[in-house]
């Protein structure tokens, strides 16, 4: 099954990359841009068909390796889950 | 308005970061992981209320700065769009 994990910096954590992009877009004439935040999107293909167990396993992967839970939030999407 | 831009490597482009994550997860005992792809998720806050024009402007930002269209695909989500 396909799983999407979105990882973004927690509210209040400095995001220099987002800031740089925001400034660059303004400089390029996109003056309507107010704020930019950059996160990661990780697409996983996993050999598991039970959505509940899948979600639990992927949460453990996030806590162990994929995200730095001190400064990052993650959320898990399972597109095939009804 | 909030806009989300998801950027991922095109099919067939080598993804060493995804590969490294996949191997690490397997090594940690997550043997159900078959494949991992890593992309970016950019959240933009934009001073524009017309969804059609917003989408057009953000597409231009993607082509100009946000994505490398030679090796990356992007897709635009507008959560508030009905």
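Read-outs throughout are calculated quantities, based only on the coordinates presented, and are distinct from any laboratory measurement. Fair warning: this is a prediction, and the values are worked out from it, not measured in the lab. Cβ coordinates were reconstructed from backbone atoms using ideal geometry, including for glycine residues, and neighbour counts include every protein chain displayed.
Restricted to region A:32-59, and to residues there that are at the interface with chain B (Cβ under 8 Å from one of its Cβ atoms), over 22 Å from residue B:77 (Cβ atoms) and out of contact with any helix residue (DSSP H, G or I) (no Cβ under 7 Å at 6 or more places or on another chain), the residue that is surrounded by the fewest Cβ atoms within 10 Å (Cβ to Cβ) is A:47.
Can you tell me how many residues within region B:60-80 are over 19 Å from residue B:11 (Cα atoms) and surrounded by fewer than 12 Cβ atoms within 10 Å (Cβ to Cβ)? Give the derivation first.
In the first step, residues of region B:60-80 are kept if they are over 19 Å from residue B:11 (Cα atoms); the result is B:60-61, B:64-65, B:77-80.
From the residues that got through so far, the ones that are surrounded by fewer than 12 Cβ atoms within 10 Å (Cβ to Cβ) too are B:79-80.
Total satisfying the criteria: 2.
Scanning region B:43-82 for residues that are in a helix (DSSP H, G or I) and within 16 Å of the chain's Cα centre (by Cα) returns B:55, B:58, B:59, B:60, B:61, B:62, B:63, B:64, B:65, B:66.
Residue selection: residue A:26 fails the criterion of being in a loop (DSSP other than H, G, I, E, B) and either touching a residue at least 24 places away in the same chain (Cβ under 8 Å) or closer than 30 Å to residue B:65 by Cα (or both). Residues that are facing chain B (nearest Cβ under 8 Å) and part of a strand (DSSP E or B) within region A:8-23 comprise just one, A:8. Taking region B:16-29 as the range and being buried (at least 19 other Cβ atoms within 10 Å of the Cβ) and more than 13 Å from residue A:61 (Cβ to Cβ) as the test, only B:18 passes.
Among the residues of region B:63-73, those that are more than 11 Å from every other protein chain (Cβ to nearest Cβ) and in contact with a strand residue (DSSP E or B) (Cβ under 7 Å, 6 or more places away or on another chain) comprise B:67, B:71, B:72, B:73. Is it true that some residue in region B:3-17 is free of Cβ contacts under 8 Å to residues at least 60 places away in the same chain and closer than 16 Å to residue A:44 by Cβ? Yes, region B:3-17 contains at least one residue that is free of Cβ contacts under 8 Å to residues at least 60 places away in the same chain and closer than 16 Å to residue A:44 by Cβ.
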